[in-house]
Amino acid sequence: MDGVSGQVGRTALVTGASRGIGQAIAARLAAEGGMVIVHFGTDESGAAATVEAVERAGGAARAVRAELGVDGDVETLFAGVEDCLSGRPLDILVNNAAAAPAGPLGATTRAEFDRLFAVNVRAPYFIVERALPLLRDGGRIITISSVATRMANSAQTSFAMTKAAVETMSRTLANQLGPRGITVNAVAPGATRTAANGAVFDVPGLAEQITALTALDRLGGPDDVADVVAFLASDAARWITGQVIDASGGLFLGPRV
């Protein structure tokens, strides 16, 4: 089978795929065959681990290094991407790479603010622009957002602003690219425990506090998010576009009584 109509033989680019949610997405997309381009910024060993995970899942993978948020980032990334594709079209683009929250108003420096927007907004915008000539008609664009866009968390104001921007980008691009059959959606994880951030949730009482605010009564894991991305990348989601899919287990829906 070929293209997004089937699961085998697809090509995907996943940014920020050296660990955590990005690593899980890469492995999940490869689970039924195909080739995943594993983008990483600095974590070369993590990218190598992702390549191994993809191969164990039955797919093929190659790692591409490019620091995002700096001049020439998209050109560097796509020099590697085009080499990996070797003339084949791209089926799936997942914008997962992101800079972490920098702090509340009054604590975030101008440099931190600018970096957040450079990595979380500017990079995915121009990655999409550069990917479009390579992306097959009927392809998929999925960007990872955050439940921070619907929750008033003063410690994540600037971060939430960046994620709200890519949600708006997804809606407008869905309208623009619909005639090509390309779907564009965002996925918004909540509290997701990964190997990289596990120490955060080891703070006494924090995991229990978040769980108490979550309808499904547990923390999320990378696979919880990766499965949602894989669904949106599949032919089963061909009629879903311009949407933000909450993948938080029902975090902060309201009082639990």
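Values computed for the structure shown
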{"quantity": "Exclusive hit being crowded, with 19+ Cβ neighbours inside 10 Å, more than 18 Å from Ile142 (Cβ to Cβ), touching a residue at least 12 places away in the same chain (Cβ under 8 Å) and among the small types (Gly, Ala, Ser), set Ala237, Ala191, Ala247", "calculated": "Ala191"}
{"quantity": "In region 50-81, the residues that are among the small types (Gly, Ala, Ser), touching a residue at least 12 places away in the same chain (Cβ under 8 Å) and either on the phi > 0 side of the Ramachandran plot or surrounded by fewer than 17 Cβ atoms within 10 Å (Cβ to Cβ) (or both)", "calculated": "Gly58, Ala60, Gly69"}
{"quantity": "Meets criteria (in contact with a Gly (Cβ under 6 Å, 6 or more places away or on another chain), part of a helix (DSSP H, G or I) and surrounded by 13 or more Cβ atoms within 10 Å (Cβ to Cβ)) for Ala174", "calculated": "yes"}
{"quantity": "Close pairs (6 angstrom Cβ cut-off, 6 or more residues apart or separate chains): under 19 Å from Ala102 (Cβ atoms) in region 160-186, of a type in the set (A, V, I, L, M, F, W, C) anywhere", "calculated": "Ala160/Ala148; Thr162/Leu116; Thr162/Phe117; Thr162/Val121; Lys163/Ala148; Ala165/Val121"}
{"quantity": "Number of the exception - Asp91 against (1) crowded, with 20+ Cβ neighbours inside 10 Å; (2) not basic (Lys, Arg); (3) not in a strand (DSSP E or B)", "calculated": "(3)"}
{"quantity": "Number of positions in region 132-157 that are surrounded by fewer than 21 Cβ atoms within 10 Å (Cβ to Cβ), modelled with pLDDT of 95 or more and over 20 Å from Val228 (Cα atoms)", "calculated": "6"}
{"quantity": "Checklist (1) of a type in the set (Asp, Glu); (2) part of a loop (DSSP other than H, G, I, E, B); (3) in contact with a helix residue (DSSP H, G or I) (Cβ under 6 Å, 6 or more places away or on another chain) applied to Asp71, failing item", "calculated": "(3)"}
{"quantity": "Region 198-229, subset in contact with a helix residue (DSSP H, G or I) (Cβ under 7 Å, 6 or more places away or on another chain) and outside any helix (DSSP H, G or I), residue surrounded by the most Cβ atoms within 10 Å (Cβ to Cβ)", "calculated": "Leu219"}
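The values are calculated or read from the model by the stated rules, or taken from the named source; none is laboratory data. Being a predicted model, the structure only gives us computed values, none of them experimental. Note that we place each Cβ from the backbone using ideal geometry, even for glycine, and neighbour counts take in every protein chain shown.
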